[in-house]
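Notes follow the structure.
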Amino acid sequence: MKESLILKGLRNIMLDRLKERGISDVNVLNAMAKVPRHIFISKGFEVQAYEDKPFSIAGGQTISQPFTVAIQTELLQLQKFDRVLEIGTGSGYQAVILAEMGANVYTIERLKELYLGAQRIFRQLGYSINSCWGDGYEGKEIYAPFKKILITAAIPQIPQRLLDQLDTGGRLVAPVGDGNTQIMPIIDKISGNDYVTSHCNIPFKFVPMLRDKKSI
């Protein structure tokens, strides 16, 4: 897919800013260097795609700022061929970053408009991503266990159902909190009901995770 030298240059500037902010995982940086973020936002705003800020998309949702995508991905400590469950497909950008890094990605989106839009982009860019329309609180037990689980919307607490779908030796990363800002716990599953939790000491601001009303 052809793109302008201007957009390539802006993406390189974005990467330099990520490095300045402490992102050091070469695999994360290489993936973000390759994936064209401007494809995931509205036409006419391509230049803004490479600014380090969130951007509004359909359904009152946002595509996270590049730093947030980078640090969540870095915290996952992703390995090639890891089976990854992403909760909150949104624009599809995060899922493509994970797929570009060699993960087997399963992603769930609650809003059908976003689900369909992300599927179109996955096909357009040539990525094989298992995309589902449904309630992220339920996970995707049929494909479990997952080596990594990434939640990309604010959640009051981690559902036990998702922890149950995490493989032994696996890791879950999620923004947790009810207010305007969230913390980012990192949960490593040691055995069946044995977990170790650490935290990323940076405040984050995510849109709330939506739940299927039928599941409440």
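Among the residues of the range 173-210, those identified as in contact with a helix residue (DSSP H, G or I) (Cβ under 8 Å, 6 or more places away or on another chain) and either free of Cβ contacts under 8 Å to residues at least 24 places away in the same chain or over 26 Å from Gly59 (Cα atoms) (or both) are Ile186, Ile187, Lys189, Tyr195, Cys200, Ile202.
For the range 141-176, a residue qualifies if it is part of a loop (DSSP other than H, G, I, E, B) and surrounded by 19 or more Cβ atoms within 10 Å (Cβ to Cβ), and the qualifying residues are Thr152, Ala153, Pro159, Gln165, Ala174, Pro175. Looking for something farther than 28 Å from Asp167 by Cβ and in contact (Cβ under 8 Å) with a residue 60 or more places away in the chain - is there at least one such residue anywhere in the range 74-90? No, every residue in the range 74-90 fails to be farther than 28 Å from Asp167 by Cβ and in contact (Cβ under 8 Å) with a residue 60 or more places away in the chain. Within the range 153-210, the set of residues being within 22 Å of Tyr93 (Cα to Cα) and small (Gly, Ala, Ser) comprises Ala153, Ala154, Ala174.
Annotation: Arg211 fulfils all but one of (1) assigned to a loop (DSSP other than H, G, I, E, B); (2) touching a strand residue (DSSP E or B) at 6+ places or on another chain (Cβ under 8 Å); (3) basic (Lys, Arg); the unmet one is (2).
Taking the criterion of being in contact (Cβ under 8 Å) with a residue 40 or more places away in the chain and charged (D, E, K, R), would at least one residue in the range 50-73 satisfy it? Looking through the range 50-73, none of the residues is in contact (Cβ under 8 Å) with a residue 40 or more places away in the chain and charged (D, E, K, R). From the list Leu125, Leu162, the lone residue that is in contact (Cβ under 8 Å) with a residue 60 or more places away in the chain, under 26 Å from His38 (Cβ atoms) and of a type in the set (A, V, I, L, M, F, W, C) is Leu125.
Would you mention how many residues in the range 61-97 are on the phi > 0 side of the Ramachandran plot, under 11 Å from the mean Cα position of the chain (by Cα) and among the aromatic types (Phe, Trp, Tyr)? Even if it seems obvious, please write down each step before you answer.
Our first condition is that a residue be on the phi > 0 side of the Ramachandran plot; within the range 61-97, this holds for 77, 81, 88, 90, 92.
Then keep just the ones that are under 11 Å from the mean Cα position of the chain (by Cα); that gives 88, 90, 92.
From what's left, among the aromatic types (Phe, Trp, Tyr): none.
Total satisfying the criteria: 0.
Highlighted here are the helices (runs of 4 or more DSSP H) found entirely within the range 1-100 that include at least 2 residues which are closer than 19 Å to Phe122 by Cα and at pLDDT 95 or above: 26-34, 66-76, 93-100.
The values are calculated or read from the model by the stated rules, or taken from the named source; none is laboratory data. It should be emphasised that the depicted structure is a prediction, and the values quoted were computed from it without experimental measurement. Note: ideal-geometry Cβ built from the backbone for every residue, glycine included; neighbour counts use all protein chains shown.
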